[in-house]
Amino acid sequence: NLTSPLSPPKSPTPPPELLEGLLSQRFGPLPRPVTIARLRRGPDGGYEPTGDPTEVLERRQAANAKERERIRNLNSGFSQLRTLVPLVPRDRRPSKADTLRAAAQYIRLLRGVLEFSLRFTINIIIGGGHPKTDPRFPSSPIMLGFGEAHGIFLCFSAWN
């Protein structure tokens, strides 16, 4: 039994024609669906539809499909980027903003590694020394770290 002793018995929903009349009496005029159309201003200052509504609807549907495809491609690109970037937070599904921040951070890390490696190589070539034997180099390997903010700490040494 769906009715409780405290609530009045439920009546079936009236047919749509009757329901529309009851709702419009209680709430005023109801919104009506309108066709999608381009409007142009008429001589009296009002707006009137122009063109074939079927053609406008087809163009709108084509534009919507194109936008859905664009968004699908964008989301696919972000999914691929998440797999490539090691600094993306793993405790939750990262947002697009998290992914972009992590990608930028990772690019800075790679640029730093590349610049350090290049300077290191140039010093060896120009100076003719080697880090393990040349006193101009520090006595222990130089460690670079990056990414502590995401609970990841990447390290590499200049030589082994």
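The values are calculated or read from the model by the stated rules, or taken from the named source; none is laboratory data. Because the structure is predicted, anything quoted here is derived from the model rather than measured. Glycine also receives a Cβ, built like all others from the backbone with ideal geometry; neighbour counts cover every protein chain displayed.
Among the residues of the stretch 27-47, which ones are more than 30 Å from E17 (Cβ to Cβ) and either acidic (D, E) or in a helix (DSSP H, G or I) (or both)? Please lay out each step first, then the result.
Kept after step one, since they are more than 30 Å from E17 (Cβ to Cβ), are these residues of the stretch 27-47: 38-47.
Listed by number, the list holds a single entry, D44.
Residues checked against (1) in a loop (DSSP other than H, G, I, E, B); (2) surrounded by 10 or more Cβ atoms within 10 Å (Cβ to Cβ); (3) modelled with pLDDT of 80 or more; (4) more than 28 Å from the chain's Cα centre (by Cα):
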residue	(1), (2), (3), (4)
A62	no, yes, yes, no
L81	no, yes, yes, no
A97	no, no, yes, no
E115	no, yes, yes, yes
L118	no, yes, no, yes
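Would you tally the residues in the stretch 64-75 being under 20 Å from A37 (Cα atoms) and either at pLDDT below 95 or not charged (D, E, K, R) (or both)?
Restricting attention to the stretch 64-75, the residues satisfying the condition of being under 20 Å from A37 (Cα atoms) are 64-67.
Applying the additional criterion that residues be either at pLDDT below 95 or not charged (D, E, K, R) (or both) yields 64-65.
Summing the residues that are under 20 Å from A37 (Cα atoms) and either at pLDDT below 95 or not charged (D, E, K, R) (or both) in the stretch 64-75 gives 2.
Consider the stretch 35-58. How many of its residues are without any contact (Cβ under 8 Å) to a residue 12 or more places away in the chain and at positive phi?
Pass one, the stretch 35-58, residues without any contact (Cβ under 8 Å) to a residue 12 or more places away in the chain: 39-48, 52, 54-55, 58.
Remaining after also requiring at positive phi: 45.
Within the stretch 35-58, residues that are without any contact (Cβ under 8 Å) to a residue 12 or more places away in the chain and at positive phi number 1.
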